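Data block below; observations after.
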Amino acid sequence: MNLFRRKSVTALQQEALTDQSLKRALGPLNLTMLGIGAIIGTGIFVLTGTVAAQNAGPAVILSFVLAGVASIFAALCYAEFASLVPMAGSAYTYGYATLGEFFAWIIGWDLILEYALGAVTVSIGWSGYVVSLLRDIGIHIPPVLTAARGTLVTLADGSTVTAIFNLPAVLIIAIVTTLLVIGIRESASVNDVIVIVKVAVVLLFIVFAAKAISPDNWKPFIPANTGVREEFGWTGVMTGAGIVFFAYIGFDAVSTAAQEAKNPQKDMPIGIIGSLLICTVLYIIVSAIATGVVPYRELDVPDPIAVAADRAGLGWMASLIKIGAIAGLSSVILVMLLGQSRIFWTMSKDGLLPQFVNNIHPKFKTPWITSIVTGIAVAIVSGLLTVREAGSLVSIGTLLAFVIVSAGILVLRLREPNLPRAFKTPWVWLVAPAGAASALYLMISLPWRTWQRLIIWFVIGIVLYLAYGVRKSRLANKA
């Protein structure tokens, strides 16, 4: 068995030119909006509060800075790959072209943690904001249907009940999956509108809540460590960076739409880098304001930005922020599910997944089977997990993909230095190693229980590959 057989970059480029199975409908603005749609969501509206309260205190600002720097290094490598190999598989395809089939499978299996579990995490946050907004207008969803199984939900009178299922999270997955089956142009148009709404809400929060900042809430900026590695101190800041790193994964989801871009060589780098830079600035400002308005220990709630708005005396704005959060989280779910379905579709084309998955809808020109299968699986899991359990796994899966992409760009520069590149990573021998090293450092900062789950996940993936993919691979059959 040749586990390290590689795809030819030239052949991939030719396939990108001739394969018209997916509709090329996205321009640079659509791609940037897709990136912003995926990035601005859980990071601002959910994780800001939990990481501040449990890991970093006001230094959650530094956690966002560190995660943003690591993301920028990786984004530059993704931009070169996406313009060079404009295919739907993202890091999976890049790994296939540089490191070989076994690494490609590892990345593809790993990206399930990023995209599918990413959608799970965001749908849980979406549920929290929807329940809160409906409660404001007098509509009450039974508490036992608003959180993961076994979660204690506190009622208005202070008593608690044990949840059995997160119904709102399941419903939003079903709605988004339906939209993705209908078409990419329709999905992108809906996403554009949602992005405008949520960015406007974020900017309104920044402008009005900044006036209520109390500098005393930033003291101490880095709370003393409690004796537990991930609880405050510098190690808490690094653990927080590893967790909020989840908030940045949207930019690489842009690369999964490369086969649906009108001019991928030019437009993919704009979408990837542009969306990341815009969102990094917004993240840092919002986390600073939230911890400046509310003492960090009080932010461990499902809707921390709404809490900060209430504390800032923006009663008129609280519902608006919740609407913006709901819109924002909806667009993240859309892009995550879009990315996951495209990766499954690409892996099926390569023979590493069953061929029935590789099916394009004759009318809508979308990979409808992978969209539906992904939606059903994500809906089930989103009803059962907590946001923190899912978020840590998403972060470690994404970081591993970034390590491999950063290494892969160096391998390709050495192996095929003369390939025409529409976009070249600047200072690649500095940027790519820095991207791999920073991602590894953030991985090491994550709790050991997250590593245990990752190891179990990869053992399952390797068994599946050796039992099916290694024999059914199109490259193996050609050989």
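Points worth noting:
- Restricting the stretch 239-297 to residues that are among the hydroxyl-bearing types (Ser, Thr, Tyr) and out of contact with any Gly (no Cβ under 8 Å at 6 or more places or on another chain), the residue that is nearest to Arg342 (Cα to Cα) is Ser255.
- Qualifying position, being closer than 30 Å to Trp316 by Cα and among the hydroxyl-bearing types (Ser, Thr, Tyr), among Tyr129, Tyr92: Tyr129
- Among the residues of the stretch 180-199, just one is of a type in the set (D, E, K, R) and closer than 13 Å to Ile39 by Cα, namely Lys198.
- Of all residues in the stretch 1-28, those being assigned to a loop (DSSP other than H, G, I, E, B), of a type outside the set (D, E, K, R) and under 29 Å from Leu180 (Cα atoms) number 5.
- In the stretch 353-369, the residues that are within 23 Å of Trp105 (Cα to Cα) reach residues that are of a type in the set (D, E, K, R) with C-beta atoms within less than 6 angstrom, at least six apart or across chains, in these pairs: Asn358/Lys349.
- Selected residue (only one of Val237, Val130 is crowded, with 17+ Cβ neighbours inside 10 Å, among the β-branched types (Val, Ile, Thr) and closer than 19 Å to Ala308 by Cα): Val130
- Taking residues in the stretch 255-266 that are farther than 12 Å from Leu29 by Cα, and partners anywhere that are of a type in the set (D, E, K, R) and crowded, with 24+ Cβ neighbours inside 10 Å, the pairs with Cβ atoms closer than 6 Å and at least 6 places apart or on different chains are Thr256/Arg342.
- The stretch 451-479 residues that are surrounded by 10 or more Cβ atoms within 10 Å (Cβ to Cβ), paired with ones that are among the β-branched types (Val, Ile, Thr) and at pLDDT 90 or above (beta carbon under 6 Å, 6 or more apart): none
Residue by residue, here is whether (1) under 29 Å from Leu329 (Cβ atoms); (2) of a type in the set (Lys, Arg) holds:
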position: Ser395; (1), (2): yes, no
position: Arg415; (1), (2): no, yes
position: Val428; (1), (2): no, no
position: Phe458; (1), (2): yes, no
position: Asn477; (1), (2): no, no
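- Among the residues of the stretch 1-28, just one is more than 13 Å from Glu260 (Cα to Cα), without any contact (Cβ under 8 Å) to a residue 40 or more places away in the chain and aliphatic (A, V, I, L, M), namely Ala11.
- Subset tally (residues that are among the hydroxyl-bearing types (Ser, Thr, Tyr), buried (at least 20 other Cβ atoms within 10 Å of the Cβ) and assigned to a helix (DSSP H, G or I)) for the stretch 422-449: 2
- Any hit, the stretch 406-420, residues being touching an Asp or Glu at 6+ places or on another chain (Cβ under 8 Å) and part of a helix (DSSP H, G or I): yes
- Hey, Lys349 at pLDDT 85 or above and charged (D, E, K, R) or not: yes
- Out of Ala174, Ala148, sole residue that is aliphatic (A, V, I, L, M), assigned to a loop (DSSP other than H, G, I, E, B) and surrounded by fewer than 24 Cβ atoms within 10 Å (Cβ to Cβ): Ala148
- Leading residue by the ranking (farthest from the chain's Cα centre (by Cα)) among those in the stretch 35-83 that are surrounded by 24 or more Cβ atoms within 10 Å (Cβ to Cβ) and aromatic (Phe, Trp, Tyr): Phe81
- Residue list for the stretch 426-479, filter: within 25 Å of the chain's Cα centre (by Cα) and of a type in the set (Phe, Trp, Tyr): Tyr441, Trp448, Trp451, Trp457, Phe458, Tyr465
- Flag for Val161 being modelled with pLDDT of 80 or more and part of a strand (DSSP E or B): yes
- Every residue from the stretch 291-309 that is crowded, with 16+ Cβ neighbours inside 10 Å and among the acidic types (Asp, Glu): Asp303
- Residue count for the stretch 338-361 under the criterion of being within 12 Å of Leu180 (Cα to Cα) and assigned to a helix (DSSP H, G or I): the result is 5.
- Test: residue in the stretch 355-375 that is surrounded by fewer than 24 Cβ atoms within 10 Å (Cβ to Cβ), at pLDDT 85 or above, in contact with a Ser or Thr (Cβ under 7 Å, 6 or more places away or on another chain) and closer than 16 Å to Thr93 by Cβ: no
- Subset of the stretch 84-112 (residues that are under 21 Å from the mean Cα position of the chain (by Cα), part of a helix (DSSP H, G or I) and among the hydroxyl-bearing types (Ser, Thr, Tyr)): Tyr92, Thr93, Tyr94
The values are calculated or read from the model by the stated rules, or taken from the named source; none is laboratory data. Fair warning: this is a prediction, and the values are worked out from it, not measured in the lab. Here Cβ is always computed from backbone atoms with ideal geometry, including for glycine, and neighbour counts include all displayed protein chains.
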